1. From the residues 113, 64, 83, which one has its Cα farthest along the dipole of the chain in the positive direction, the dipole being from +1 and -1 charges on Cβ of Lys/Arg and Asp/Glu about the Cα centre?
2. Amide H of residue 46: which non-local residues (sequence gap of 5 or more, or other chain) have their own amide H closer than 5 Å, using H built in the peptide plane?
3. Output ³J(HN,Hα) for region 11-24: one whole-Hz value per residue in order, computed from phi by the Karplus curve 6.51 cos²θ - 1.76 cosθ + 1.60 with θ = phi - 60°, and x for Gly and Pro.
4. Find the centroid of the Cα atoms in region 17-51 and in region 79-112, then give the distance between the two in whole Å.
5. In straight Cα distance, which lysines are under 27 Å from residue 143, not counting same-chain residues fewer than 8 positions off?
6. For the chain, with only Lys/Arg (+1) and Asp/Glu (-1) charged at the beta-carbon, what is the dipole magnitude about the Cα centre, in debye rounded to 20?
7. Take peptides 25-34, 143-152, 102-111 and line them up by average Cβ neighbours within 10 Å, highest first, as a rough protection proxy.
8. Counting other C-beta atoms within 10 Å, which of 90, 79 has the fewest, and how do the rest follow?
Amino acid sequence: MAIRNIFTGDAECLYKVAKPVEKFDARLAALLDDMADTMYHADGVGLAAPQVGILRRVVVIDCGEGLIEAINPEIIETSGEQCGYEGCLSFPGKSGYVVRPNEVVMRAYNRNGELIEYRGEGLLARAMLHECDHLDGHVYLEKVTEAPEGFEAPEEDCEEE
Ligand code: ZN
């Protein structure tokens with residue numbers, strides 16, 4: 001297990017489409033372990049493999065309800081709407097107002113190659129969408145809009161994904 005370097009800003013790996021994982025092997029397990037270590041070390045709630053320079057469809061998420069390891073994840077259902085501030089470990093110290101669906105169903109493989117369905121609401125749904133965007137080379141900054149008047153910005157930095 002090791003902490004990996006998180007690429008930030010203009011790093012090319014953040015803007016490329018990641019390839020699906022084909023082998024569920026020890027190398028994948030090591031990547032997942034490192035990604036979880038790296039996410040917890042950076043105090044994030046999610047991390048996608050392209051953020052550590054690996055262009056594979058792998059994400060880890062933990063919004064306080066336990067670690068989710070998602071391989072080749074797909075968002076299969078979304079509903080509702082949530083408005084709030086969002087951040088990203090690849091853009092430290094920044095946050096932006098992003099409107100996203102409030103409920104999400106995500107289907108992904110675990111490290112053993114078993115297909116699992118996850119339901120997320122609120123922050124978890126936001127993290128799932130944010131991390132899956134990374135796999136297609138998209139960052140949340142593309143989705144930032146101006147907060148409506150009177151909408152309270154967070155006093156502290158919001159959680160970084
Ligand atoms: Zn991010």
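Since every read-out is calculated from the coordinates, none of them should be taken as a lab result. Every value quoted in this text rests on a predicted model; they were computed, and no experiment measured them. Here Cβ is always computed from backbone atoms with ideal geometry, including for glycine, and neighbour counts include all displayed protein chains.
1. Projecting each Cα onto the dipole axis, the largest value belongs to 113.
2. Amide H neighbours of residue 46: 62.
3. Here the 3J(HN,Hα) series is 3, 4, 4, 7, 10, 10, 7, 7, 8, x, 6, 10, 10, 9 Hz.
4. When both Cα centres are located, 17 Å separates them.
5. Residue 143 reaches 16, 19, 94.
6. Rounded to the nearest 20 debye, it is 820 debye.
7. Ranking the peptides 25-34, 143-152, 102-111 by packing returns 102-111, 25-34, 143-152.
8. Ascending Cβ contact count within 10 Å gives the list 79, 90.
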